[in-house]
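*Asks:* If you scroll down you'll find the structure; I have some questions about it.
The values are calculated or read from the model by the stated rules, or taken from the named source; none is laboratory data. All of these numbers come straight from a predicted model, not from anything done at the bench. Methodologically, a virtual Cβ is constructed for each residue, glycine included, from the backbone with ideal geometry; neighbour enumeration extends over all protein chains shown. Please note that ligands, DNA and RNA were not included when accessible areas were found on the heavy atoms of the full protein model with its side chains. Shrake-Rupley method; radii C 1.70, N 1.55, O 1.52, S 1.80 Å.
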Amino acid sequence: AIADLGNWRLPPPKVPKEDKRKTPITPVPTESGFCPPAEAGSITKKGLWFYIDLQGNLQGPFETAKMRAWFEAGFFNADTKAAPSFYGERPKKTWKVSELYEHPQKEAFVMDNET
């Protein structure tokens, strides 16, 4: 038997809102021809990063400023594998810092507004 619920109705189903996040920007080669991997997007606009630790584990996400501080302190080098994250999503691929930046000592983990 079905109970009489009167005028009670189920709420309308939730419809997902349109995803208004920006599409990652494709990198442009420098004058010397260096170009980071296209899959990495515009790395100078990324606010979050992941890296692969010495045990091979993915660590992150971490803010760009923290990654820069660790890089300057020598915790990372040009061979450390890292990946930018546009929204905090886990990366599917990582690259050596030297593949992401033409001049890692000067450019690694620096946002556009910091140069």
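*Asks:* Suppose accessible area is computed on protein heavy atoms with a 1.4 Å probe; arrange LEU48, LEU54 from highest to lowest. Before the final figure, lay out each step's value.
*Replies:* On the way: LEU48 45, LEU54 175 Å².
Sorted by accessible area, descending: LEU54, LEU48.
*Asks:* Quick check on region 27-102: take the gyration tensor over C-alpha atoms, sort the square-rooted eigenvalues as a ≥ b ≥ c, and tell me if it's rounded (a/c under 1.5), prolate or oblate. Numbers along the way, then the final one.
*Replies:* On the way: a/c = 1.59, a/b = 1.33, b/c = 1.20.
Taking the square roots of the gyration eigenvalues as a ≥ b ≥ c, region 27-102 is prolate.
*Asks:* Here's another thing I want to ask about it. At a 1.4 Å probe radius, which order do GLU89, GLU63, GLU102, GLU31 fall into by accessible area, largest first?
*Replies:* On the way: GLU89 80, GLU63 125, GLU102 60, GLU31 195 Å².
Sorted by accessible area, descending: GLU31, GLU63, GLU89, GLU102.
*Asks:* Starting from the 7 Å offset along Cα-to-Cβ, what nm value, one decimal, do you get for the label separation of MET111 and GLN59?
*Replies:* 2.2 nm
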